[in-house]
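**Q** Below is the structure I would like to discuss, written out as structure tokens.
Every read-out reported here was derived from the displayed coordinates using simple, explicitly stated rules and does not represent laboratory data. Just so it is clear, the structure is predicted and the values come from calculations on it, not from any experiment. Using ideal geometry, Cβ is built from the backbone for each residue, glycine included, and neighbour counts are taken over all protein chains shown.
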Amino acid sequence: MTLYPQLIMDALATVTYAGTKKNLVESGMVADTPAVSAPQQEGQPWKVKVVLEFPRDTDPFLKSTVKAAEAAIKYHCGKDVEVTIETEFKTAPRPEVGQMLPGVKNIIAVSSGKGGVGKSTVSANLAIALARLGYKVGLLDTDIFGPSMPKMFNVEDERPYAIKKDGRDLIVPVEKYGVKLLSIGFFVSPTTATLWRGGMATSALKQLIADADWGELDYFILDTPPGTSDIHLTLLQTLPITGAVIVSTPQQVALADARKGIDMYRNDKVNVPILGLIENMAWFTPAELPENRYYIFGKEGCKQLAEEMQVPLLAQIPLVQSICDNGDAGTPAALNNDSATGLAFINLAQAVVTVVNRRNKEQPKTKIVGKD
Ligand SMILES: Nc1ncnc2c1ncn2[C@@H]1O[C@H](COP(=O)(O)OP(=O)(O)O)[C@@H](O)[C@H]1O
Ligand SMILES: [Mg+2]
């Protein structure tokens, strides 16, 4: 007796896979050419190894199919043949750029030129305020090297798990305050991330976008790093960003950097609409003198920039100690709309809804950079 791979294939072609009601060969489940090895010595058996590929590891027909394949090989090739059947599982590929996040209606990048002006504070509070208005909201902390969302949402110890969905392993975002949240801070310590090379950061970012179960969202908020970085480029090349909101303080250095941020989005290769400016730390108000306003970073700098750039000024958020304390405590101000600051963020969220609706009516969908 001599065995050769085609004989094994013929045997496998007699086995029907209940999942497709076709035989294993027609179903494309025989992953490689079967391996056949002749006995080394008289009296030893022929050995056959087959790899079968199933759609998923929970396939209900897996066991019965493997058994039937083994029986068919023995029936066709001799009952003494030693048969090994390995199983593999198809994992569906990541959706292509342009096909990601099919359930997400609006993607908003929160940007600034300068660091420390309050992007993360605005992102967290905007996300919570939108959720409190009844919208489905996701928030992605894209500041890979300085993630702040786990702390701001008081979920630093959370470790998101993965689920199997449509043949893919998807990360399940953490849910807090009605917001679905992911941050690289859940997966690596900030010190580890700062040692990464650029490519590692961008591939981690893509994973958080494309390999996560974001589901249906009205608003997907992207908290971005300061300036115009590789991370911004990756975002622009990965997602059709509906619009950007630019956060600045009224200070001249911050405004100059905000202008650069606006220019990046308005670049004719980018064309992401600027939804508006947010003036953060617009004035200082001490808790014991709530009527007093001290313009410590200058007055109305963002208002002037908004006029110059012809974009709406969406909100002026005062510098108050409670915003900082609430952020550090993991209970952002927007959770409490009895407070003046909480109300300011609810009003901001309403303003964002209005400008996004207008933008969607008046302008075409944003094109992903580098994709025609
Ligand atoms: N309006 C505000 N009033 C008081 N503190 C604020 C305000 N906005 C931001 N902060 C504080 O300033 C610091 C920097 O803000 P953050 O949102 O992390 O800025 P960015 O993300 O732009 O670097 C944080 O400690 C934050 O709590
Ligand atoms: Mg930040």
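**Q** Quick one: which residues, 5+ away or cross-chain, put their amide H under 5 Å from the amide H of Leu217? H built at 1.01 Å from N.
**A** When sequence neighbours closer than 5 places are left aside, the close amide H contacts are Val104, Lys105.
**Q** Report the longest stretch of the chain that contains none of the GluC sites (Glu not before Pro) sitting in a DSSP loop with at most 11 other Cβ atoms within 10 Å.
**A** Between the exposed loop sites, the longest stretch runs 97-215.
**Q** Let me ask you something else. Taking the chain as a Gaussian network, where each spring joins two C-alpha atoms under 10 Å apart, which residue of Gln252, Gln316, Gln44 fluctuates the most?
**A** Gln44
**Q** Write down the percent of antiparallel bridges among all DSSP beta bridges whose residues are both part of region 34-191, to the nearest 5.
**A** If I count the DSSP bridges inside region 34-191, around 45 percent turn out antiparallel.
**Q** Then there's this: What Kirkwood Rh does the chain have if only Cα atoms enter the pairwise 1/r average? Answer in Å.
**A** After inverting the mean inverse Cα-Cα distance, the result is 23.7 Å.
**Q** Placing +1 on the Cβ of each Lys and Arg and -1 on the Cβ of each Asp and Glu in the chain, which of Gly227, Leu217, Gln363 has its Cα farthest towards the positive end of the resulting dipole?
**A** Positive-most Cα among the choices belongs to Gln363.
**Q** For region 172-210, which trypsin sites (Lys or Arg not before Pro) pass both filters: DSSP loop (anything but H, G, I, E, B) and at most 15 other C-beta atoms within 10 Å?
**A** Arg197
**Q** By counting other Cβ atoms within 10 Å of each Cβ, how are His76, His232 ranked from fewest to most?
**A** His76, His232
**Q** To the nearest 20 debye, what charge dipole does region 3-87 have about its Cα centre, counting +1 at the Cβ of each Lys and Arg and -1 at the Cβ of each Asp and Glu?
**A** 240 debye
**Q** Can I ask one more? Can you tell me, using C-alpha contacts under 8 Å and at least 6 residues apart, the relative contact order of the chain as a whole percent?
**A** Relative contact order of the chain: 17 percent.
**Q** Roughly how tilted is helix 340-362, in degrees to the nearest 10 and between 0 and 90, from the longest Cα axis of the chain?
**A** So the helix axis and the longest Cα principal axis differ by about 70 degrees.
**Q** With both bridge residues required to lie in the chain, what share of the DSSP beta bridges run antiparallel, to the nearest 5%?
**A** 25 percent
**Q** Ok, one more. Please give the length that would be gained between Gln207 and Tyr294 if that part of the chain were fully extended, namely 0.36 nm times their separation in residues minus their C-alpha to C-alpha distance (nm, one decimal).
**A** Difference between extended and current length: 26.9 nm.
**Q** Using a cut-off of 28 Å between alpha-carbon atoms, which lysines can reach Lys22, once sequence neighbours fewer than 8 places away in the same chain are excluded?
**A** Straight-distance partners of Lys22: Lys47, Lys49, Lys63, Lys67, Lys74, Lys79, Lys90, Lys164, Lys165.
**Q** Are there trypsin sites (Lys or Arg not before Pro) in region 211-313 that DSSP puts in a loop and that have at most 11 other Cβ atoms within 10 Å, and which ones?
**A** Sparse-neighbourhood loop trypsin sites (Lys or Arg not before Pro): Lys269.
**Q** Output the antiparallel fraction of DSSP beta bridges having both residues in region 3-87, as a percent to the nearest 5.
**A** That works out to approximately 50 percent antiparallel.
**Q** Which of the trypsin sites (Lys or Arg not before Pro) across region 61-165 are loop residues per DSSP, with 12 or fewer other Cβ within 10 Å?
**A** Qualifying residues, ordered by number: Lys79.
**Q** Sticking with this structure for a sec: For region 25-144, what is the relative contact order in percent, using Cα pairs closer than 8 Å and at least 6 residues apart in sequence?
**A** 19 percent.
**Q** Just rank Trp196, Trp283, Trp214, fewest to most, by other beta-carbon atoms within 10 angstrom.
**A** Taking fewest neighbouring Cβ atoms as first place, the list is Trp196, Trp283, Trp214.
**Q** On C-alpha positions alone, give me the angle between the axis of helix 119-132 and the longest principal axis of the chain, in degrees, nearest 10.
**A** 80 degrees
**Q** Set the Förster distance to 51 Å, then compute FRET efficiency between Asp59 and Leu195 from the Cβ-Cβ distance, nearest 0.05.
**A** The pair Asp59/Leu195 has a calculated efficiency of 0.80.
**Q** Could you work out [θ]222 nm for the chain from helices alone, using -39500 (n - 2.57) per DSSP H run of at least four and dividing by all its residues? Round to the nearest 500 deg cm²/dmol.
**A** It lands at -10500 deg cm²/dmol.
**Q** If each residue's Cβ is checked for other Cβ atoms within 10 Å, how do Cys77, Cys302, Cys324 rank with the fewest at the top?
**A** Cys324, Cys77, Cys302
**Q** Over region 87-237, calculate the relative contact order: mean separation of alpha carbon pairs under 8 Å at least 6 apart, over the residue count, as a percent.
**A** RCO, region 87-237: 41 percent.
**Q** If you don't mind, another one. Measure out, as a whole number of angstrom, how far apart the alpha-carbon centroids of region 1-41 and region 299-323 sit.
**A** For region 1-41 versus region 299-323, the Cα centre distance is 70 Å.
**Q** Still on this structure, please answer the following. As I understand it, the value is the acute angle between the Cα axis of helix 198-210 and the longest principal axis of the Cα atoms of the chain; what does it come to in degrees, rounded to 10?
**A** 80 degrees
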